[in-house]
1. Going residue by residue through segment 411-428, is there one that turns out to be basic (Lys, Arg) and farther than 30 Å from Glu264 by Cβ?
2. Name the single residue, out of those in segment 350-364 being over 15 Å from Ser95 (Cβ atoms) and out of contact with any Asp or Glu (no Cβ under 8 Å at 6 or more places or on another chain), that is nearest to the ligand (Cβ to nearest atom).
3. Is it true that some residue in segment 104-120 is in a strand (DSSP E or B), without any contact (Cβ under 8 Å) to a residue 40 or more places away in the chain and not basic (Lys, Arg)?
4. In segment 460-483, what count of residues is obtained for those that are touching a residue at least 24 places away in the same chain (Cβ under 8 Å) and either within 13 Å of the ligand (Cβ to nearest atom) or farther than 17 Å from Phe216 by Cβ (or both)?
5. When residues of segment 369-394 are filtered for being part of a loop (DSSP other than H, G, I, E, B), open to solvent by 10 Å² or more (accessible area, probe 1.4 Å) and farther than 24 Å from Asp248 by Cα, how many remain?
6. Can you find a residue that is closer than 22 Å to Ile173 by Cα, among the aliphatic types (A, V, I, L, M) and touching a helix residue (DSSP H, G or I) at 6+ places or on another chain (Cβ under 7 Å) anywhere in segment 430-441?
7. Residues of segment 131-165 being aliphatic (A, V, I, L, M) and farther than 24 Å from Val457 by Cα, which ones?
8. Can you confirm whether segment 98-117 contains a residue that is near the ligand (Cβ under 8 Å from one of its atoms), open to solvent by less than 30 Å² (accessible area, probe 1.4 Å) and of a type outside the set (A, V, I, L, M)?
Amino acid sequence: MTKKIKNFSDAISFKKLLIEIEDLVGKDNLNLIEKEDDDSYQRRNVSLFKCRDIKAIITPRFIKDVQEIIRIFNQNSTNISLHAISTGRNWGLGSAEPATDNVVTLDLRKLSSIRNINCEEGWAIIEPGVTQLKLSQSLDGSKRIFNITASSGHTSVLGNILERGVGLRRQRIEDLVGLEVITPEGELIRVGWWPHPSKNTAINFLGHGPSLLHLFTQSNLGIVTAAVVKLLPRPEEQKVLRLRFRRDVLNQSIDLLRRWYAQELISGVLKIYDSVSTESYGGSSDEHLVLLCISGTSAKVNALTNVIRSEAEESGFFSSISQSGQSSEDSSDFVLQVVEHAYAGDPSWNEHMLRAATGKDADQVDTEGGGWIFFLAFIPFNGKAVEDALSIIENIYHKTKIRVGITVNALSSDVIDLVISIKFSPQPEETSRAHKTLDLLYELFSEIGFYPYRLDVDHSHYSNKFFSNSEYEMNKKIKAFLDPKSIISPGRYA
Ligand SMILES: Cc1cc2nc3c(=O)[nH]c(=O)nc-3n(C[C@H](O)[C@H](O)[C@H](O)COP(=O)(O)OP(=O)(O)OC[C@H]3O[C@@H](n4cnc5c(N)ncnc54)[C@H](O)[C@@H]3O)c2cc1C
């Protein structure tokens, strides 16, 4: 009985809340999702994760409206909470879906200005709707580039940073220096480093004392309305070397690549595609394909290219060695094109790869594309760890008959971001085998300590498996302190 009264009063409060929000943002920017079973509101995501119960989608046009929306949520007590997205293209992990039911989505794609760019000092201030394409185009012809991912040019720079995604030059967290956040109580705060309006200050993202910057990445503690990101110096020259090796020399080849990485012969993230992932992304290779970037002054690039080529030849591990622009097949191989351009800060080829992977352009990926799921784990950078990962994958293949693609992204000489892509036909039987494959990946990788560093909407319960108990409890205390009314939904990571 008490619960019924509570539900009833919640419903009244929620109606009142929606009226206030409609007055604020206008009818066009509030999409009410009345009934889950109404066909006109049926959503879909490219991974075919179950759609959650989203009550409404708000698309504010101004920062002050975001602040006001949070104030309205604070004044009307309901059991509905907010989930923020930047462009909602978190393909493979749930796209725009929240992890829980009873959510209102705050879609921030219309906040899309580049507030400021300073190529001399190497930073830009961007809002959630600023895409990779927009930021990279605004740097055309300058002395700076931005660290581009291999995803669509129409994905959000800020969304990917908050997700702790990975670009071709480094993990995106390294690009982040400052955040503008609206707290669950509606206060607008700035954390990390922000340029001084009149003084010429150097970037110092840690400031003094405890840093609050990463309190708000992979977080449910605030709504981010802007970020200060670092711009990289544009290399004077760049070469991409491509090396192919067979599975039987994988162990030794990876150890040699690690040595080159440790001795700083390589710039950016070194990539190794297996033949399934090369094909999934629109390239071709029946062996493992290594793509590594050498950039800097012309003399450095030439010298290091010679060093690596001669070491590669001497090792006898590689069946072919070539470099960018040397083959007439290049322009039809999207993997080579995307990677080479993205190393140089240019996402203009990325849509080809997206189409190869999902069958559709960015705007249709979720409605018609797929199926596509990611499992993303950090593993140690050595041949043995990669062998162990491959043997788990082979074991899973025997159970589900789904052949996954594997891409190694070496982030340092110690850590690999292992990207496992599950490409499947979105029919019920194959979808169920693809999801079974994902469950097994979580289970078996975690068992040997190869933990995922990003989670999808169906596996948020894994987040507390990787924390120490004390860190988990401290996180809960911080959430209770900063968001006592649970204005922001739990999310995938907390
Ligand atoms: C073919 C292909 C290649 C890909 N390559 C890459 C790659 O190289 N690297 C990579 O990292 N990913 C890659 N992806 C995955 C994905 O497309 C990108 O990570 C993409 O950038 C995420 O979507 P988004 O930018 O729209 O972020 P969003 O979906 O908007 O945001 C991601 C999450 O961040 C949080 N969030 C977003 N905005 C806010 C906010 N304003 N305030 C608070 N929280 C917020 C939310 O939890 C949200 O779910 C690839 C996908 C495909 C299909």
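1. Scanning segment 411-428 turns up at least one residue that is basic (Lys, Arg) and farther than 30 Å from Glu264 by Cβ.
2. The extreme case among them is Met353.
3. Looking for residues that are in a strand (DSSP E or B), without any contact (Cβ under 8 Å) to a residue 40 or more places away in the chain and not basic (Lys, Arg), one finds at least one in segment 104-120, hence yes.
4. 3
5. Residues flagged as part of a loop (DSSP other than H, G, I, E, B), open to solvent by 10 Å² or more (accessible area, probe 1.4 Å) and farther than 24 Å from Asp248 by Cα within segment 369-394 amount to 1.
6. No: segment 430-441 contains no residue that is closer than 22 Å to Ile173 by Cα, among the aliphatic types (A, V, I, L, M) and touching a helix residue (DSSP H, G or I) at 6+ places or on another chain (Cβ under 7 Å).
7. The first filter runs over segment 131-165 and keeps only residues aliphatic (A, V, I, L, M), leaving 133, 135, 139, 145, 148, 150, 157-158, 161-162.
Answer for segment 131-165, where residues must be aliphatic (A, V, I, L, M) and farther than 24 Å from Val457 by Cα: Leu133, Leu135, Leu139, Ile145, Ile148.
8. yes
The values are calculated or read from the model by the stated rules, or taken from the named source; none is laboratory data. Here the structure is a predicted model, which means the values were calculated and not measured. Note: ideal-geometry Cβ built from the backbone for every residue, glycine included; neighbour counts use all protein chains shown. To get the accessible areas, we keep the full protein, side chains included, count just its heavy atoms, and leave off ligands, DNA and RNA. Shrake-Rupley method; radii C 1.70, N 1.55, O 1.52, S 1.80 Å.
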